[in-house]
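So the structure is just underneath, and the comments pick up after that.
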Amino acid sequence: MTSDDTTLGRRDRKKRQTRAALATAALRLVADRGLDQVTVEDISEAADVSARTFFNYFPTKDDAVVGDTEAEPVLRALAAVPTDQPALEALRRALAEIVDEVQGDAELWLLRMRVVMQHPVLLARLVSGNAATEQALVEAVAARTGLPPDDAYPTLVVAVAGAALRTAMLRWACSGGARSLAALLDEAFAAVAAGLPDPRTG
């Protein structure tokens, strides 16, 4: 590794640390004071950076509270799943990796889920952020299956996978983290794979 590579590696780590510090500060402040009582300046001060630096990472305080909704991690996880796997199973495996990361930072994520559920405007922001991720996943699933991105199948399978993830996350948050998020995700995908049979006919 060259000295330039080492410098770039340090810069990337520093950027990730700063972004995480801002998101954590925003989340904890909003949880303590309420959304309307927290400013960008408050968040920046808590993270020990300037307000100008804040805007290098997040366009608004709402985005900082919601945190990262970037497509890259799940797209990378999906690309690692063998292409002979059915699309829904491939998405389950990809999302399971993301869920492991969430579970590893359970305290912060449980707080984030509680705050988001208390503030509808943040829930809307979370959903709109996920919309961009879902579109990227639709294109990835289309490429895996050889279908055009505007075909119904990629859109439907990604929407179903997203619904399974949201269901698992909400159930996990409502349990206060008492239940395994990974197990709840598997349970949701199993129900979908079974065709969501009516429980009254079981």
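The values are calculated or read from the model by the stated rules, or taken from the named source; none is laboratory data. Please read these numbers as outputs of a predicted model, since none were measured by experiment. Here the Cβ is made from the backbone with ideal geometry for all residues, glycine too, and neighbour counts use every protein chain on show. Note: accessible area is taken over every heavy atom of the protein model, side chains too, but ligands, DNA and RNA are not part of it. Shrake-Rupley method; radii C 1.70, N 1.55, O 1.52, S 1.80 Å.
Numbers for the structure displayed
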| item | result |
| --- | --- |
| Probe 1.4 Å - accessible area at Y153, Å² to nearest ten | 100 Å² |
| Furthest towards positive pole of dipole, L78, Q118, A143, structure part the range 51-202, Cβ charges | Q118 |
| Rounded tilt (10° steps) of 181-193 against the dominant C-alpha axis of the chain | 30 degrees |
| Using a Förster distance of 45 Å, the FRET efficiency for R166-R10 (Cβ separation, nearest 0.05) | 0.80 |
| For the range 152-167, 3J(HN,Hα) per residue [Karplus equation, 6.51 cos²θ - 1.76 cosθ + 1.60, θ = phi - 60°, Hz, x = Gly/Pro] | 5, 4, x, 5, 5, 5, 5, 4, 5, 4, x, 5, 5, 5, 4, 4 |
| In order through the range 48-54: 3J(HN,Hα) via Karplus (6.51 cos²θ - 1.76 cosθ + 1.60), integer Hz, x for Gly, Pro | 6, 9, 7, 4, 4, 5, 3 |
| 0 to 90° range, to nearest 10: angle between helix 3-33 axis and the chain longest Cα axis | 90 degrees |
| Per-residue SASA entry for R171, accessible area with 1.4 Å probe, Å² rounded to 10 | 90 Å² |
| Expected 222 nm ellipticity per residue - DSSP helices of 4 or more, -39500 (n - 2.57), all of the chain, to 500 | -24500 deg cm²/dmol |
| Positive-end residue, the range 1-148 charge dipole about Cα centroid, Cβ charges, pick of A131, A25, A46 | A46 |
| Where I43, I98 fall by accessible area, highest first, once all protein chains stay in place (1.4 Å) | I98, I43 |
| Positive minus negative residues near P154 (Lys, Arg vs Asp, Glu; Cβ under 12 Å) | -3 |
| Local net charge near A80, Cβ-Cβ under 15 Å (Lys/Arg +1, Asp/Glu -1) | -2 |
| Whole-Hz ³J(HN,Hα) from phi, Karplus 6.51 cos²θ - 1.76 cosθ + 1.60, for the range 99-113, glycine and proline x | 4, 4, 5, 4, 4, x, 10, 4, 4, 5, 5, 5, 5, 4, 4 |
| Accessible carbon and sulfur surface of the chain relative to its total accessible area, %, 1.4 Å | 55 percent |
| Accessible surface, the chain, averaged per residue in Å² (probe 1.4 Å) | 57 Å² |
| Charge tally in the Cβ shell below 13 Å around A142, where Lys, Arg are +1 and Asp, Glu are -1, A142 excluded | -3 |
| Debye, to nearest 20: dipole size of the chain, +1 on Lys, Arg Cβ, -1 on Asp, Glu Cβ | 340 debye |
| Whole-angstrom gap from the range 131-202 to the range 32-102, using each part's C-alpha centre | 19 Å |
| Options [x] 1.01; [y] 0.98; [z] 0.93 - which one matches Rg/Rh (Cα atoms, Kirkwood Rh) as calculated here | [x] |
